[in-house]
Amino acid sequence: MVGPATPHGAGPGTDTGLGPGQTIDQTVRIGSLTLRNAVMPASGTFAENLGAVVPFEALGALVTKTVTPQLRGGNPTPRVCEVGQGMLNSIGIPSKGLDHFVAETLPLYRDVPTPLVVSVSALSADAFADAVKRLDVPGVAAIEANISCPNIEEDGKAFAMDPRPTALVVEKMRRATALPLWVKLSPNTGDIASVARAAEAAGADAVVVANTILAMSIDIETMRPRLGNVMGGLSGPAIKPIAVRMVWQCARAVKIPVIGCGGISTAADAVEFMLAGATAVQVGTATFVRPTAMLTVIDGLVDYCRRKGFPRVAALTGAIHDSDLTVDTHEAAS
């Protein structure tokens, strides 16, 4: 949600600074959930063994690796490769299934005070609804629905590519659970703001913007694709400007919170997403490079707020100085 921009030369954001002893309120609110801070892992980049280097109680929320209703083996190898300023992956969402997750994985977080957000994926709207219903159990604070996956009822086209299937799947999930429902959108659509509006109208409590961008890389020596599945999702710093733009568009299209995701490596990146309208952020690829990256982002957000005179991290959301700008998206792209 985006509030009014602070005028130039007045109030927070003008390097007035706060006293070194003044405490910065780091809490942010996403629907009915209040998080201790604005930073959490992106799905697929977090597992229980990360607790060896990152205290889970230091994070705003924990977002699990995506779980599917049934057992899945994932895509052929190689599944990951580095590219300029980023990473390509085509993991294929390997999963031991929902029954295994509830019985074996969920208990591992029973004593962790940080809200657990379960990422879920399915191949049809009904399967999504059934999955979120089965996850409506103690220990699950919210559900993140990864609707960037193929929809078998739309010839394999991802739900999040179009407002209509987005509305259908979110509406069915909303009827199936009372848990907070975060909907993770795809950047591979031509009009992400319309998809965000459809998710909001159907009952989403927040949207996560966005997933990886469909991409491809070829090894010129072997003349073969560098991924076993040929194409994969591009993540990392290379996609950050695109993700920031999409957060800015979605934050102006909906009233529910937007959670920014895509190329966040530093506190400065997180600030950029929040100024564009994000309420909270997810850190993904950076954790593979620096396992403690999320802790650095948390500390850096506090330092930025103190330097700029913001008493609350939440005040950064939508604080971009753009009130005097008129943007023509067609001209901007030409």
With a 1.4 Å probe and all protein chains left in place, how much accessible area per residue does the chain have, in Å²?
44 Å²
Summed residue charge, Cβ within 13 Å of Leu301's Cβ, Lys/Arg positive, Asp/Glu negative:
0
Helix-only [θ]222 nm of the chain, DSSP H runs n ≥ 4, -39500 (n - 2.57) each, per residue, nearest 500
-7500 deg cm²/dmol
Carbon and sulfur atoms: what percent of the 1.4 Å accessible area of the chain do they account for?
55 percent
Taking 8 Å as the Cα distance limit and 6 or more residues as the minimum spacing, I'd like the relative contact order of the chain as a percentage.
24 percent
Assuming 0.36 nm per residue, please report the length gained on full extension of the stretch Met223 to Thr34 beyond their Cα-Cα distance.
63.0 nm
Among beta bridges that DSSP assigns inside the chain, antiparallel share in %, nearest 5:
45 percent
Compute the orientation-averaged projected area for region 87-214 from the convex hull of its Cα atoms and round it to one decimal in nm².
7.9 nm²
For Ala178 and Ile91, what is the calculated FRET efficiency with R₀ set at 35 Å and r taken between the beta-carbons, to the nearest 0.05?
0.70
Kindly identify region 163-285 as rounded, prolate or oblate by the Cα gyration tensor criterion: order the square roots of the eigenvalues as a ≥ b ≥ c, call it rounded if a/c is under 1.5, otherwise compare a/b with b/c, prolate if a/b is larger, else oblate.
oblate
Angle between the Cα long axis of helix 240-253 and the longest principal axis of the chain, 0 to 90 degrees, nearest 10?
80 degrees
With the label point 7 Å along the Cα-to-beta-carbon line of Val112 and a cut-off under 11 Å to each amide N, the hits in region 248-283 are none
Heads up, region 58-143 by the C-alpha gyration tensor (a ≥ b ≥ c square roots of eigenvalues; a/c under 1.5 rounded, else a/b over b/c prolate, else oblate) looks oblate
Expressed as a percent, the portion of alpha-carbon pairs in region 47-97 spaced more than 16 Å apart is 61 percent
Which is the longest run of the chain containing none of the trypsin sites (Lys or Arg not before Pro) found in DSSP loop states (not H, G, I, E, B) with at most 14 other C-beta atoms within 10 Å?
1-109
Classify region 89-131 as rounded, prolate or oblate, taking a ≥ b ≥ c as the square roots of the eigenvalues of its Cα gyration tensor: rounded when a/c is under 1.5, otherwise prolate if a/b is larger than b/c and oblate if not.
prolate
Fully extended contour minus Cα-Cα distance, from Asp303 to Lys255, at 0.36 nm per residue
14.5 nm
Relative contact order [Cα under 8 Å, 6+ residues apart], region 201-255, whole percent
33 percent
Along principal axes, largest first, the alpha-carbon spread of the chain in whole Å comes out as 54, 51, 42
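The values are calculated or read from the model by the stated rules, or taken from the named source; none is laboratory data. Treat the numbers as computed from the prediction; the structure is a model and nothing was measured. Here the Cβ is made from the backbone with ideal geometry for all residues, glycine too, and neighbour counts use every protein chain on show. Only protein heavy atoms, including side chains, enter the accessible area calculation; ligands, DNA and RNA are left aside. Shrake-Rupley method; radii C 1.70, N 1.55, O 1.52, S 1.80 Å.
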